[in-house]
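Enquirer: Mind having a look at this structure? Questions to follow.
The values are calculated or read from the model by the stated rules, or taken from the named source; none is laboratory data. Given the structure is predicted, the values throughout are model-derived calculations rather than measurements. All Cβ positions, even for glycine, are placed from backbone atoms using ideal geometry, and neighbour counts span all protein chains on display.
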Amino acid sequence: MENASLHFQQKVRWHPLEIVFWLCTLLPFVVTPSYLSLASQIAITALFALSLDLILGYAGIVSLGHAAFFGVGAYTAGLLAKHYWAEPLTGLVLAAVLSGLVGYALSHVVVRFRHLALIMLTMGFGLLLHEAANSASALTGGADGLQGFKVPAVLGFKFDMFGRAAYAYSLVVLFLCFLVARRIIHSPFGLALRGIRENATRMPAIGAPSRAHLRKAYTIAAVLAGIAGALLTHTTSTVSLETLSFGRSADVLVILILGGAGRLYGGIIGAIIYMVARDQFSGANPQYWYFWIGLLLVAVVMFLPNGILGGIGALYKKSK
Amino acid sequence: MLSSLAGVLFDGFAYGMLLFLLSVGLSVTLGMMNFVNLAHCSFAMVGGYATLSLMTKSGWPFLATLPMAFVAAALVSIVLERTLYRRLYRASDLDQCLLTIGIVFISVAAYAWFYTTEQQSIRVPDWLQGSAHVAGMSFASYRMFLIVVGLAVTALLILFLEKTRFGARVRAAVDNQRMARGLGIDVDRAFMFTFALGGGLAGLGGALSIQVVGLDPTFALAYLVYVLIVVAVGGLGSIGGSFAAAVVLGISDMAGKYYFPWLGAFLIYLVMVGLLMWRPQGLFGKR
Amino acid sequence: MVAQDIALELPQGRRYALIGPNGAGKTTLMNLITGMLRPDAGQIFLGGEEITALRPDLRVKKGLARTFQINTLFPQLSALEAVTLAVLEREGHAHNWWRSLPRFGAAIEEAQGILDSLKIPSTRETRELAYGQQRLLEIALALATRPKVLLLDEPAAGVPKDESAQLFNAIDGLSRELTILFIEHDMDVVFRFASRIIVMVGGRILVQGPPDEIARDERVREVYLGKARLAA
């Protein structure tokens, strides 16, 4: 039957809204040129959230320590720029490789656990790395972070205070990584990950090596997170200890849930909303910002369990 | 050498008692209902700020505020449990985490609003300040007080659980909820009571910790990590486990700070990760 | 001790029924065979090859598949996605993260074929299927692994009487080269489809043999079947 393949093709095709969305990401250049550095931050956070989605939304691994890979990427890029050379693209590659290696190593432990032990372990690894970076101040600058270096340009485009090159760079990298993520999700491997999320017990019963699959997903997620971290280093020419912090791990989790996990675009949508709102409302009193985020979280969990995208999807289904 | 070791053990044990008070409630409610309440330390702060307010605004003596800290925190726990938490008993781990983190955020902002973000402190009565000198070593009076309170609470808890009928019902509900219901035990009531008790103890811990670590709105998040470590390492639902884990953690932390200050908190995290990898259900948890 | 002193041999190509009272250890035995539980002692062989130490997914690769008594399916995956996944795993394509799913036409066709033969609608999400169809999907998933031995844990559990006959006809229609062991409580079904019956009580095998022998066996009557039933 031909429509058997059609069932899969439908899910793989680009929806016109997707194309509209990506075209809209070019708008900041024209419409809000004074906000381009915020736009870069959003693109970087979106990539970070996308990487978390791969393990949380698609494979079902709840990680409270994903910032570990973000930080590894950031510090790798920073150390390379500070001590060797400041060309960003090679920095990206090196950051990707290193965070991938760390992810691969940790994945062997992480995939053996579930529930609270898993949450605690991911958090624990994140905390360990943060402490290690804090203590190894000769290498990392400790609590002050890595400073005193400059990444001047990418492919000849200067990183200036207008932020055009920074946003273009972040956006292009985000888009390319997004394409990779999209590819993964619509591949047999992506289907296997969803299988693990939907019913981890059933997977071995159909001959699936679940742990091998999860290790791979975790490693890929680490690579993408590391790239995001490197982007931050390149566009700001600093690395702060905060890139490894529990706060960052918690933030990206909130962002992903807000947008809707397991829906490919959830992290991106969540990042846009969260960062724009924070920029507008946080202002002088950051703790009041946390009040609204807290309220939003409670509301999302009670009323919109699949995040904003899930809510829109449900509305769409109802209207049919 | 020996005196510094004794000092570290003493300080560590006292710190462990504080951690125990802060954590035992979470361990039992997690073990009983599998409900991940990350807002547990916000309850501790209720107790802390209750004590603060009563002492600074109403001039209450320190010791008198302690029962009030317990009660205030217990009341807040019950309100939250009845209104929000009970709808999520069957929800996923992630959803419970997110809801309760949301509550933490709200509470942190609320405390900042009412009490500012300043570090708060109180004046404990004179007999609790200073130190006693025994065998050529000095032991801080407040730390001794902590140990006494901690041990007393532990004894009372064990007495309650082992010797009273309600305690037996609580134990049954922690052990096997379905069977407990089947036996006619009102698990909901047992849970509400336990939740209140756990929250109250956290509040007591919060009040007691002001003297040791100060009090500011970020307490809820800063100590959450330690509390979670105690609970995960000790094993869900196990009071003995929480006690052991809290003591181990308290002493490790003190020892780390004293002997390897350059390691910082690294040691605790390493201990936790190692222990969890070896026994993911915790030292005393059920598989 | 849930299961003890089990000595069981299943020559190829027959249908075996595993019966016994609740708690007799039937599902435990299945969990031991499939590797979800580890035995304290003993060995398990599949086609002459020892599989005692093999992980469950590797046993599946060797040709040993099972279904679950309680539906253990993928709620948000469509039936077609689920069975295609099983086929892809079998073919070793599931690690592929670069090629897009529609390109795996052969796997999709095969999955569709299995679903068609069991009359399961393919494009709706699993959680939207009727209960009987979900039970059939349980079997479809197992079949997609191209097993040599198929273990069915109460395949008709919860399915009304008239539909269960249909289900068992579907099972009966399966290839004769497939060795099937099924746990079942409905004696009509057992006596109709099984060529051999194994009776388990209290964690041990009480007796095994062809249906008419089992029906006549005194011990079985006492323990399980009840004299009144067989008088008919």
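Enquirer: Looking only at segment A:145-157, which residues are in contact with a Lys or Arg (Cβ under 9 Å, 6 or more places away or on another chain) and not in a loop (DSSP other than H, G, I, E, B)?
Expert: A:Leu146, A:Phe157
Enquirer: Another one. Taking C:Glu81 as the residue in question, decide whether it is surrounded by fewer than 19 Cβ atoms within 10 Å (Cβ to Cβ), acidic (Asp, Glu) and either facing another protein chain (nearest Cβ under 7 Å) or not in a helix (DSSP H, G or I) (or both). Working first, answer last.
Expert: On the way: surrounded by fewer than 19 Cβ atoms within 10 Å (Cβ to Cβ): no; acidic (Asp, Glu): yes; either facing another protein chain (nearest Cβ under 7 Å) or not in a helix (DSSP H, G or I) (or both): yes.
Taking the combined requirement at face value, the residue does not satisfy it.
Enquirer: Further, regarding this structure: If C:Ile70 meets every condition in (1) surrounded by 15 or more Cβ atoms within 10 Å (Cβ to Cβ); (2) aliphatic (A, V, I, L, M); (3) more than 7 Å from chain A (Cβ to nearest Cβ) apart from one, which number is that one?
Expert: So the condition that C:Ile70 fails would be (1).
Enquirer: Shifting gears a bit: Test A:Tyr316 against the stated conditions and say whether it is modelled with pLDDT under 85, facing another protein chain (nearest Cβ under 8 Å) and in a helix (DSSP H, G or I). Before you say what the answer is, go through the steps one by one.
Expert: Working: modelled with pLDDT under 85: yes; facing another protein chain (nearest Cβ under 8 Å): no; in a helix (DSSP H, G or I): yes.
Against the criterion (modelled with pLDDT under 85, facing another protein chain (nearest Cβ under 8 Å) and in a helix (DSSP H, G or I)), A:Tyr316 does not qualify.
Enquirer: Right, next: Any idea how many residues of segment A:61-96 are touching a residue at least 24 places away in the same chain (Cβ under 8 Å) and surrounded by fewer than 16 Cβ atoms within 10 Å (Cβ to Cβ)?
Expert: Qualifying residue count for the region: 1.
Enquirer: Run down A:Leu214, A:Leu128 and say which single residue is in a helix (DSSP H, G or I), of a type in the set (A, V, I, L, M) and more than 14 Å from chain C (Cβ to nearest Cβ). If you could, list the steps in order and put the result at the bottom.
Expert: Details: A:Leu214 fails: more than 14 Å from chain C (Cβ to nearest Cβ).
Just a single option satisfies the conditions, and that option is A:Leu128.
Enquirer: Considering only segment A:164-186, I want to know if a residue exists there that is part of a loop (DSSP other than H, G, I, E, B) and farther than 30 Å from B:Ala91 by Cα.
Expert: Applying the first criterion (part of a loop (DSSP other than H, G, I, E, B)) to segment A:164-186 yields A:186.
Of the ones still in play, those that are also farther than 30 Å from B:Ala91 by Cα are none.
No, every residue in segment A:164-186 fails to be part of a loop (DSSP other than H, G, I, E, B) and farther than 30 Å from B:Ala91 by Cα.
Enquirer: Is it the case that some residue within segment B:53-65 is surrounded by 20 or more Cβ atoms within 10 Å (Cβ to Cβ) and either over 30 Å from A:Asp251 (Cα atoms) or in contact with a Cys (Cβ under 8 Å, 6 or more places away or on another chain) (or both)? Give the derivation first.
Expert: Restricting attention to segment B:53-65, the residues satisfying the condition of being surrounded by 20 or more Cβ atoms within 10 Å (Cβ to Cβ) are B:54, B:65.
Filter once more, so that each one left must be either over 30 Å from A:Asp251 (Cα atoms) or in contact with a Cys (Cβ under 8 Å, 6 or more places away or on another chain) (or both): B:54, B:65.
For segment B:53-65, residues surrounded by 20 or more Cβ atoms within 10 Å (Cβ to Cβ) and either over 30 Å from A:Asp251 (Cα atoms) or in contact with a Cys (Cβ under 8 Å, 6 or more places away or on another chain) (or both): present.
Enquirer: Being over 21 Å from B:Leu228 (Cα atoms), away from chain A (no Cβ under 13 Å), touching a residue at least 24 places away in the same chain (Cβ under 8 Å) and surrounded by fewer than 18 Cβ atoms within 10 Å (Cβ to Cβ) is the requirement here; does B:Val79 meet it?
Expert: Answer is no for this residue.
Enquirer: Which of the helices (runs of 4 or more DSSP H) found entirely inside segment B:191-281 contain at least 1 residues meeting this: modelled with pLDDT under 85, within 14 Å of chain A (Cβ to nearest Cβ) and under 23 Å from A:Leu64 (Cα atoms)? Quick ask: steps written out before the conclusion?
Expert: Values: elements: B:219-234, B:239-259, B:266-278.
Qualifying helices (runs of 4 or more DSSP H): B:219-234, B:266-278.
Enquirer: Just the residues that are without any contact (Cβ under 8 Å) to a residue 60 or more places away in the chain, loosely packed, with under 15 Cβ neighbours inside 10 Å and of a type in the set (Gly, Ala, Ser), please, taken from segment C:166-197.
Expert: Hits for segment C:166-197 are C:Gly173, C:Ser175.
Enquirer: So is C:Ser122 in contact with a Ser or Thr (Cβ under 8 Å, 6 or more places away or on another chain), polar (S, T, N, Q) and crowded, with 22+ Cβ neighbours inside 10 Å or not? Spell out how you get there, then give the answer.
Expert: On the way: in contact with a Ser or Thr (Cβ under 8 Å, 6 or more places away or on another chain): yes; polar (S, T, N, Q): yes; crowded, with 22+ Cβ neighbours inside 10 Å: yes.
In short, yes.
Enquirer: Which strands (runs of 3 or more DSSP E) does segment C:90-204 wholly contain that include 3 or more residues that are within 14 Å of chain A (Cβ to nearest Cβ) and not acidic (Asp, Glu)? Steps first, answer last, please.
Expert: Numbers: elements: C:149-153, C:179-183, C:196-201.
The qualifying strands (runs of 3 or more DSSP E) are C:149-153.
Enquirer: Now for a different question. Please tell me if C:Glu163 is surrounded by fewer than 22 Cβ atoms within 10 Å (Cβ to Cβ) and over 17 Å from C:Leu10 (Cα atoms). First the steps, then the outcome.
Expert: Values: surrounded by fewer than 22 Cβ atoms within 10 Å (Cβ to Cβ): yes; over 17 Å from C:Leu10 (Cα atoms): yes.
When the stated conditions are applied, C:Glu163 passes them.
Enquirer: Also: Does at least one position in segment A:228-248 carry a residue that is farther than 30 Å from B:Ile106 by Cα, in contact with a helix residue (DSSP H, G or I) (Cβ under 8 Å, 6 or more places away or on another chain), part of a helix (DSSP H, G or I) and among the hydrophobic types (A, V, I, L, M, F, W, C)?
Expert: Yes, segment A:228-248 contains a residue that is farther than 30 Å from B:Ile106 by Cα, in contact with a helix residue (DSSP H, G or I) (Cβ under 8 Å, 6 or more places away or on another chain), part of a helix (DSSP H, G or I) and among the hydrophobic types (A, V, I, L, M, F, W, C).
This table checks each residue for (1) surrounded by fewer than 21 Cβ atoms within 10 Å (Cβ to Cβ); (2) within 25 Å of C:Gln76 (Cβ to Cβ).
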| position | (1), (2) |
| --- | --- |
| A:Phe246 | yes, no |
| A:Leu258 | no, yes |
| A:Tyr290 | no, no |
| A:Ala299 | yes, yes |
| A:Phe303 | yes, yes |
| A:Gly310 | yes, yes |
| A:Tyr316 | yes, yes |
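Enquirer: Which of the residues that make up segment A:190-200 are out of contact with any His (no Cβ under 6 Å at 6 or more places or on another chain) and either at the interface with chain C (Cβ under 7 Å from one of its Cβ atoms) or under 13 Å from A:Leu54 (Cβ atoms) (or both)?
Expert: Step one: list which residues in segment A:190-200 are out of contact with any His (no Cβ under 6 Å at 6 or more places or on another chain), which gives A:190-191, A:193-200.
A:Gly190, A:Leu191, A:Leu193, A:Arg194, A:Gly195, A:Ile196, A:Arg197, A:Glu198, A:Asn199, listed by residue number.
Enquirer: Checking the structure you have, find out if any residue of segment A:115-130 is touching a Phe, Trp or Tyr at 6+ places or on another chain (Cβ under 8 Å) and of a type in the set (Ser, Thr, Tyr).
Expert: There is no residue in segment A:115-130 that is touching a Phe, Trp or Tyr at 6+ places or on another chain (Cβ under 8 Å) and of a type in the set (Ser, Thr, Tyr).
Enquirer: State yes or no: is C:Ala215 touching a residue at least 24 places away in the same chain (Cβ under 8 Å) and farther than 22 Å from C:Thr67 by Cα?
Expert: Numbers: touching a residue at least 24 places away in the same chain (Cβ under 8 Å): yes; farther than 22 Å from C:Thr67 by Cα: yes.
Here the answer is yes, as C:Ala215 does meet what is asked.
Enquirer: Scan segment C:24-61 for residues that are among the aliphatic types (A, V, I, L, M), touching a Leu at 6+ places or on another chain (Cβ under 8 Å) and farther than 24 Å from C:Val207 by Cα and report the count. Break it down stepwise before answering.
Expert: Taking segment C:24-61 as the starting set, the residues that turn out to be among the aliphatic types (A, V, I, L, M) are C:24, C:29-30, C:32-33, C:36-37, C:41, C:44, C:46, C:51, C:53-54, C:58, C:60.
Then keep just the ones that are touching a Leu at 6+ places or on another chain (Cβ under 8 Å); that gives C:29-30, C:33, C:44, C:46, C:51.
When the remaining residues are screened for being farther than 24 Å from C:Val207 by Cα, the result is C:51.
Qualifying residue count, segment C:24-61: 1.
Enquirer: List every residue pair whose Cβ atoms lie under 8 Å apart, where the two residues are 6 or more positions apart in sequence or sit on different chains, the first residue falls within segment A:217-236 and is within 14 Å of chain C (Cβ to nearest Cβ), and the second residue, located anywhere, is not in a helix (DSSP H, G or I).
Expert: A:Ala217/A:Ala59; A:Ala217/A:Ile61; A:Tyr218/A:Ala59; A:Tyr218/A:Ile61; A:Tyr218/A:Val111; A:Ile220/C:Trp97; A:Ala221/A:His66
Enquirer: Quick test for you: out of C:Gln4, C:Gln69, pick the one residue that is modelled with pLDDT of 85 or more and part of a loop (DSSP other than H, G, I, E, B).
Expert: Going through C:Gln4, C:Gln69 in turn, the sole match is C:Gln69.
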